[in-house]
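**Student:** Structure below; questions to follow.
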Amino acid sequence: MNQMLLRAGLLSLAACFRVIAAAPLPAEHLTVTAMPPVNAHRIYIVDEAFNNEIDARVHVFDGDTFRRLGQLDAGYYPTYNLSPDGKTSAIGTSYFARGGHGARTDVVEFADNQTLALTHEIILPPKRAHTLPTPFGLAYSADGRFVYVAYVTPAASFGVLDPAKATVLGEIDTAGCVLVIPSGPNRVSSICESGKLLTVTLDEKGNEASRAFSDAFFDPDADPVFVQGIPMSGGYAFVSFLGDVHEVDFTGAQPLLRKPWPLVTGADKGRWRPGGTQPGAISSPMHRLYVSMHQGGEGSHKNAGTEIWVFDTVSHQRIARWPMRAHKLSDVLALQVSQDEAPLLFAATNQADLAVFDALTGQLRHIEPKMGQTPWFMHNP
Amino acid sequence: MSKSPIDKIGEQLTRTLAGYSSRRGFIAKLGAVLAAAPLLPLLPVARAATATAPKTDFERNAQTKDDTKCTYWKYCAADGVMCSCCGGGSHTCPPGAEPSPVSWIGTCLNPDDNRSYIIAYRDCCGTPVCKAGKSCQCDGADRELPTYRAPLNNDIIWCFGNASATYHCSTAALVGLSGT
């Protein structure tokens, strides 16, 4: 017994010496985490924060590591876009002097996407359109020289900005046509109530040089299109409420309207419909169109999708249906896909969860719960 | 001479519509009709509700008794928080909020008389969004159209011309019978 007590005493003593001998933990200093380099799988999620509307954000998320990288402050009903080189975020927003009321300031704020730090801003006239996000509330010219911002007062027009000089160059009336669809270095198209496109060509100083109307590319009374145009090689695809795809080629001086093709045929026509706040996404390298689909009738175009349908954009054939219930996911409001050859499909649900899929197989890679409050639109490089 | 509430709504709608549309457009024609509208006018609206059209999901569940529920018949094209759950009513703003002078419009089928009515939806503004229960967070979109048909669009924050442009809640005022 005495030997046991002696041994225990020696062990305790040794433990004490070890504690005393070990180096103390170093002091910690607060620094800012460095962002990983921009890659094809980074995504920028516009969170309208509907229930706290003056406090919208843009969440930055990495689809490879499933890490939240940071966020940008986005104010009230923002319009957001990336610069053509992907290095800059442009956030068109509004602030009020007393938080939820007071004098209104409309502004475009620019942030460095490698640090998420604000770099500069351009104060706008108080005309910026307050509405749901589209790719066309704020947009860059292809060479990055101009930024266009959609105005609604409720008269429709748009502002032309010089981001390098941080100035507003002017305002162009659009005769009732809305939004800013950019093409080339100096063209802006807007969607008109008749289903036509108004294209304004700018001169070197950002003033209007000419304007022209296209033929109607859809019938707003019979089958309206969503204004959330889907970027594709050389232009945008506009999906209609009943599920026709209207592709518009914007590479020329005037838009080229391609023959529409259907997502839904036969008995499913009118029963299965696209819907949500960002109904579709296109992988240009892989020729895939992803659409959020639901069963519903007239008035259901804002419904989130119970399935994602996958189409070949060359053959126009449906190649897969991916039901969200299989993954215990709620319905999908917004879709985006990365533009590389190992594409990821991002799906934001009406419960604010973000699902990441292998866009080629539909295999679920990750579910990020509660990716903000109302993640209604996603952008990527 | 003071104007009737209907005349005032017609005038406001006309101003809104004129601001949006080309002079040749259908919306401008609708605005002209509304400007001259007598009490309970018959109003032509494209994509209007009709008694003979198949009922929408909303219309199958619509009711006329409780304006604090999203199923209330006038809310068929109302997307937002309904003011009736925020201290106001289906066509009154809550205290402390300011009515927007302009509106978007819809046509809703009344399940009691099976008639379609034009509804003017106006936002109440000047203080942040009302935190109501889910029963008043509505997403009616019958015959609703995107922003290129702005007077029929409920995604726009209709707080134009207000002291503050913040959105608080939405109202639904009956304007008249739909003429289609």
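Read the figures in this text as sums done on the coordinates, not as results from a lab. Just so you know, these numbers come straight off a predicted model, no measurement behind them. Cβ: placed from backbone, ideal geometry, glycine included. Neighbour counts: every protein chain shown.
**Student:** With axes computed from alpha carbons, what is the tilt in degrees of helix A:2-21 against the longest principal axis of chain A, rounded to the nearest 10 within 0 to 90?
**Tutor:** 40 degrees
**Student:** Tell me, what is the FRET efficiency for A:Ala209 and A:Thr65 to the nearest 0.05, using R0 = 60 angstrom and their Cβ-Cβ distance as r?
**Tutor:** Once the sixth-power term is evaluated, E becomes 0.80.
**Student:** Straight-line reach from A:Lys205: which lysines have a Cα under 24 Å away, not including same-chain ones fewer than 8 places off?
**Tutor:** Candidates past the 8-residue exclusion: A:Lys127, A:Lys165.
**Student:** For the range B:65-75, just list the computed ³J(HN,Hα) in residue order, Karplus coefficients 6.51, -1.76 and 1.60, θ = phi - 60°, integers in Hz, with x standing in for Gly and Pro.
**Tutor:** Computed from phi, the couplings for the range B:65-75 are 9, 10, 7, 9, 10, 5, 7, 4, 4, 6, 8 Hz.
**Student:** Hey, what did the range B:57-177 get for relative contact order, percent, Cα under 8 Å, at least 6 apart?
**Tutor:** It rounds to 34 percent for the range B:57-177.
**Student:** Here's something else I'd like to know. Which cross-chain or sequence-distant (5 or more) residues have an amide H under 5 Å from the amide H of A:Gln373, H modelled 1.01 Å from N in plane?
**Tutor:** A:Ala49
**Student:** Work out the mean other chain Cβ neighbour count within 10 Å for the residues of A:215-221 and drop it here as an integer.
**Tutor:** Per residue, the number of nearby Cβ atoms from other chains is 2 on average.
**Student:** Would you mind putting A:69-75, A:333-339 in packing order, based on average other-beta-carbon counts within 10 Å, highest first?
**Tutor:** So the peptides A:69-75, A:333-339, ranked by packing, come out A:333-339, A:69-75.
**Student:** Over all distinct Cα pairs, what is the inverse of the mean 1/r for the range A:127-248, reported as the Kirkwood hydrodynamic radius in Å?
**Tutor:** Value: 14.6 Å, from the Cα pair sum.
**Student:** Which whole-number value in Å³ per residue fits the convex hull of the alpha carbons of the range B:116-160?
**Tutor:** Enclosed volume per residue, from the Cα hull, is 101 Å³.
**Student:** Sticking with this one: Under a Cβ-Cβ cut-off of 10 Å, what is the net charge of the residues other than A:Ser157 that fall near it, where Lys and Arg count +1 and Asp and Glu count -1?
**Tutor:** Spelling it out: positives minus negatives among the neighbours equals -1.
**Student:** While we're looking at this one, here's another question. What's the FRET efficiency of A:His366 with B:Asn114 using the Cβ-Cβ distance as r and R₀ = 35 Å, to the nearest 0.05?
**Tutor:** 0.10
**Student:** Could I ask something else about it? Report the local net charge at B:Glu59: Lys and Arg +1, Asp and Glu -1, summed over other residues whose C-beta lies under 13 Å from its C-beta.
**Tutor:** +1
**Student:** Each label point is 7 Å from the Cα along the Cα-to-Cβ direction; what then is the distance between the points at A:Ala320 and A:Ile123, in nm?
**Tutor:** 5.1 nm
**Student:** Which order do A:Glu341, B:Glu144 fall in if you start with the one that has the fewest other Cβ atoms within 10 Å?
**Tutor:** Taking fewest neighbouring Cβ atoms as first place, the list is A:Glu341, B:Glu144.
**Student:** Could you tell me which of rounded, prolate or oblate describes the range A:21-129, using a ≥ b ≥ c as the square roots of the eigenvalues of the alpha-carbon gyration tensor, with rounded for a/c under 1.5 and, failing that, prolate when a/b is larger than b/c and oblate otherwise?
**Tutor:** The shape class here is prolate.
**Student:** Related question: So what's the range B:57-177 giving for Rg/Rh, alpha carbon basis, Kirkwood Rh from the mean inverse pair distance?
**Tutor:** Value, to two decimals: 0.94.
**Student:** Now, a different point. Short version: ³J(HN,Hα) in whole Hz for each residue of the range A:220-234, in order, from phi by Karplus 6.51 cos²θ - 1.76 cosθ + 1.60 (θ = phi - 60°), x for Gly and Pro, what are they?
**Tutor:** Karplus values, whole Hz, x for Gly and Pro: x, 7, 7, 7, x, 9, 5, 7, 7, x, 9, x, 9, 4, x.
**Student:** Which whole-number percent gives the relative contact order of chain A, counting Cα pairs below 8 Å spaced six or more residues apart?
**Tutor:** 11 percent
**Student:** I want the local charge near A:Ala49. Using Cβ-Cβ distances under 9 Å, sum +1 for each Lys or Arg and -1 for each Asp or Glu among the other residues.
**Tutor:** Residues near A:Ala49 contribute -3 overall.
**Student:** While we're looking at this one, here's another question. So what are the three principal axis dimensions of the protein assembly as shown from its Cα atoms, in whole Å, longest to shortest?
**Tutor:** 109, 55, 53
**Student:** Also, quick follow-up: Aspartates and glutamates within cross-link reach of B:Lys74: Cα-Cα under 18 Å, excluding same-chain residues under 8 positions apart?
**Tutor:** A:Glu298, B:Asp57, B:Glu59, B:Asp66, B:Asp112, B:Asp113, B:Asp123, B:Asp139, B:Asp142, B:Glu144, B:Asp155
**Student:** Ordered by residue, what ³J(HN,Hα) values in Hz, to whole numbers, does the range A:23-35 give under the Karplus form 6.51 cos²θ - 1.76 cosθ + 1.60, where θ = phi - 60° and Gly and Pro are x?
**Tutor:** Going residue by residue, I get 5, x, 4, x, 5, 9, 10, 6, 10, 9, 5, 7, 6 Hz, with x marking Gly and Pro.
**Student:** Taking the Cα centre of the range B:41-180 as the origin and placing charges on Cβ (Lys, Arg +1; Asp, Glu -1), which of B:Cys76, B:Pro151, B:Cys169 is farthest toward the positive end of the dipole?
**Tutor:** Value: B:Cys76.
**Student:** Under a 5 Å amide H to amide H cut-off, with H placed in plane at 1.01 Å, what residues pair with B:Asn154 once short-range neighbours are removed?
**Tutor:** Amide H to amide H, under 5 Å and 5 or more residues apart or across chains, B:Asn154 pairs with B:Leu145.
**Student:** Then there's this: Need one value for A:49-55: mean number of C-beta atoms belonging to other chains within 10 Å of its residues' C-beta atoms.
**Tutor:** Average neighbour count from other chains, rounded to a whole number: 4.
**Student:** On a straight-distance basis, which lysines could pair with B:Lys69 in a cross-link, Cα separation under 23 angstrom, same-chain partners fewer than 8 positions away excluded?
**Tutor:** Partners found: A:Lys302, B:Lys55, B:Lys131, B:Lys134.
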